[in-house]
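To keep things clear, I will list the structure first and then write my remarks on it.
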Amino acid sequence: MIVTSEKISLKHLLTAESLSDQEVMGLIQRAQQFKQGDRSQLNEQQFFTANLFFENSTRTHKSFEVAEKKLGIDVIEFDAKTSSVSKGESLYDTVLTMSAIGVHACVIRHGEENYYNELIESKTITTSIINGGDGSGNHPTQCLLDLLTIYEEFGEFENLEIAICGDLTHSRVANSNMKMLKRLGANLFFCGPDEWYNKQYEAYGEFITIDEAIKKVDVMMMLRVQHERHEEGHAFSKENYHRDYGLTNERAQQMKAKAIIMHPAPVNRDVELADELVESYQSRITQQMSNGVFMRMAILEAILHGKA
Ligand code: CP
């Protein structure tokens, strides 16, 4: 493990893999300090942030809001439906406005992959961008809170056996996590329907069945079936999916004694995993949610302290 006493400073957070290992470990350490009750010096200055969510969210949006309030940040309310977006204003012009009125950082979730490129290339926009999810692209803050959750459990990533299971193609969580977990030394496996597996994942891990994975992995990372990203009319049976690719109660009984279940949520109960398993002793799903607050505090601090 890399131990760092240096303060992490970030201009933007767009993808997880743009972070160095030292920055990842620094953010994990800082999140753990916040979890233990540490306070930030950010509270002594006035900072403004805006959470611009153009796709629905419960966890990312609300845990950023809690993190911002814990850090004493003034959060500018924004609702795409009642803003000038409803009059046709572009994302660029919305962020340009936030920058001009003195917002130091924008947390943005948007359906378009790489939406952030034109924002960071702008010479006029000075606000920092924190990517809260871009289409099926990246979800760096979810990846970092997942890394925190795994690190808390095992104290390392090296040689951990981790299965990422389900709707791989449409999951920005899978995309961010496979790259980072592989880089940090974990052995990865992928499970799920063939149609959601892509040969490019071979660079990160091996495609096996969930029945092969269940007995050997330390982490079963289940993914939400992203119906909203599937083609209209796509045939899908919840029961068949759960039987063939889901974490059933029977499969969970075959997990190693210290293995854990993760899921970014929202969970489709009885589809990706059995209802009873969501809050079971093996599950770290609620811990992922609460870790989201502390990791997002660490990210906000790393972005904002350079702007003091
Ligand atoms: N895990 C996650 O991103 O959840 P939300 O879509 O509710 O933010």
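Full extension of the segment from Gln22 to Thr58, taken as 0.36 nm per residue of separation minus the current Cα-Cα distance, would add 10.0 nm. Cα-based values for the chain, radius of gyration first and Dmax second, are 19.4, 57 Å. If the chain linking Arg39 and Glu152 were pulled fully straight, counting 0.36 nm for each residue of separation and taking away their Cα-Cα distance, it would gain 38.7 nm. What is the angle, in °, between the Cα long axis of helix 91-100 and the longest principal axis of the Cα atoms in the chain? Nearest 10 is fine, range 0 to 90. With both axes taken from Cα atoms, the answer is about 40 degrees. Taking Cα atoms only, the orientation of helix 59-70 departs from the longest principal axis of the chain by about 50 degrees. Measure out, as a whole number of angstrom, how far apart the alpha-carbon centroids of the range 119-198 and the range 265-308 sit. Cα centroid of the range 119-198 versus Cα centroid of the range 265-308: 13 Å apart. For the chain, Cys106, Cys143 stand unpaired, since no other cysteine beta carbon lies under 4.7 Å from theirs.
Once the C-beta distance of Thr82 and Arg243 is scaled by a Förster radius of 51 Å, the resulting FRET efficiency is 0.70 to the nearest 0.05. If I compute solvent accessible area with a 1.4 Å probe over the protein chains, what percent of it on the chain is carbon and sulfur? Roughly 45 percent of what the probe reaches on the chain is carbon or sulfur. For the chain, the solvent-accessible area of protein heavy atoms averages 45 Å² per residue (probe radius 1.4 Å; ligands and nucleic acids excluded). Any aspartates and glutamates with Cα under 15 Å of the Lys11 Cα? List them, leaving off those in the same chain fewer than 8 positions away. Partners found: Glu23, Glu121, Glu301. Within straight-line reach of Lys216, meaning a Cα separation under 27 Å, sit the following lysines at least 8 residues removed in sequence or on another chain: Lys179, Lys182, Lys199, Lys238, Lys256, Lys258. Stokes-Einstein diffusion for the range 72-207 at 25 °C, viscosity 0.890 mPa s, with a Kirkwood radius from C-alpha pairs, works out to 144 µm²/s.
Amide H to amide H distances under 5 Å link Asp270 with Asp275, where only residues 5 or more positions off or on other chains count and H is placed in the peptide plane.
The values are calculated or read from the model by the stated rules, or taken from the named source; none is laboratory data. Everything numeric here is computed off the predicted structure, so don't read it as measured data. Reconstructed Cβ throughout: ideal geometry from the backbone, glycine too, with neighbour counts over all protein chains shown. Side chains included, ligands, DNA and RNA excluded: accessible areas come from the protein's heavy atoms. Shrake-Rupley method; radii C 1.70, N 1.55, O 1.52, S 1.80 Å.
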